[in-house]
Amino acid sequence: MLAEPERPALLELRVTDVKQFVYCPRIVYFTYLMPIEKKVTRKMEYGKEEHVQLDRLEKRRTFRAYGLTDDAERRFHVHLRSERLALSGVLDMLLVQRDTYYPVEFKYTRRRPELNHKYQLMACAMLLEDTVAKPVRAGFVYVTEDRTAYPVEFTQNMRDFVRATLTSIRDMIRYEKMPPPTRQRRKCVDCEFRRFCNDVH
Ligand code: SF4
């Protein structure tokens, strides 16, 4: 009997690829196919400093913002990887209460969570499910400026969307096919890849 042909290994992706692809697919295209030297901007440095401070403050807070009681547990910077999805990422914070898991992503912004943040969180939840072998039904995007934890319920549509996004990213990289620019041109103003996007004015 002939042996079954081996399936090609999936290209390993990161949760942040999902977030960026939803924000503007071209960013992921340039990241993989035209790696450029990244400058550490003041904004990024500030983000890191704020991250450290937030961890400290968060340790002293109660769980009220998340609707949980004080027997919950916090774990910071949780590394997650799924062989099945060929996907990995670092979750900002994991809340655990009585065997129920809630992923949390921090956002240093004034705006309410946007779609790219929600799908990043969904991707983290899928990694978590593969790690703990339990369904993860909800999580939170914590917006630092208004100190609010926005709950996100994970639906089947969101899971399908993340899977479809992973396939789109892999196809885009494999065929080196540049996607169209984002239609929300305000995103281009501060974009580090703008000089490569000749069709964006
Ligand atoms: S400049 Fe605009 S279209 Fe080009 S990568 Fe940046 S956000 Fe996307």
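The values are calculated or read from the model by the stated rules, or taken from the named source; none is laboratory data. Bear in mind the structure is a predicted one, so any value in this text is a computation, not a measurement. With ideal geometry, Cβ positions are generated from the backbone for all residues, glycine too; neighbour counts draw on all protein chains shown.
Pairing residues of segment 172-201 that are under 15 Å from residue 22 (Cα atoms) with residues that are more than 8 Å from the ligand (Cβ to nearest atom) and of a type in the set (A, V, I, L, M), at Cβ distances under 7 Å and at least 6 apart in sequence or on separate chains, gives 179/172. Residues in segment 187-201 that are outside any loop (DSSP other than H, G, I, E, B) and within 21 Å of the chain's Cα centre (by Cα): 187, 188. When restricted to residues that are away from the ligand (no atom under 14 Å from the Cβ) and either at pLDDT 95 or above or of a type in the set (Lys, Arg) (or both), segment 18-37 contains 1. Among the numbered conditions (1) within 16 Å of the ligand (Cβ to nearest atom); (2) in contact with a His (Cβ under 9 Å, 6 or more places away or on another chain); (3) within 28 Å of residue 101 (Cβ to Cβ), the only one that residue 152 does not meet is (1).
Listed here are the residues, each with its yes/no results for (1) more than 9 Å from the ligand (Cβ to nearest atom); (2) crowded, with 17+ Cβ neighbours inside 10 Å.
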residue: 165; (1), (2): yes, yes
residue: 172; (1), (2): yes, yes
residue: 176; (1), (2): yes, no
residue: 182; (1), (2): no, yes
residue: 185; (1), (2): no, no
residue: 189; (1), (2): no, no
residue: 198; (1), (2): yes, no
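Filtered by the rule that a residue be over 11 Å from the mean Cα position of the chain (by Cα) and closer than 28 Å to residue 70 by Cβ, segment 84-102 gives 93, 94, 95, 96, 97, 98, 99, 100, 101, 102.
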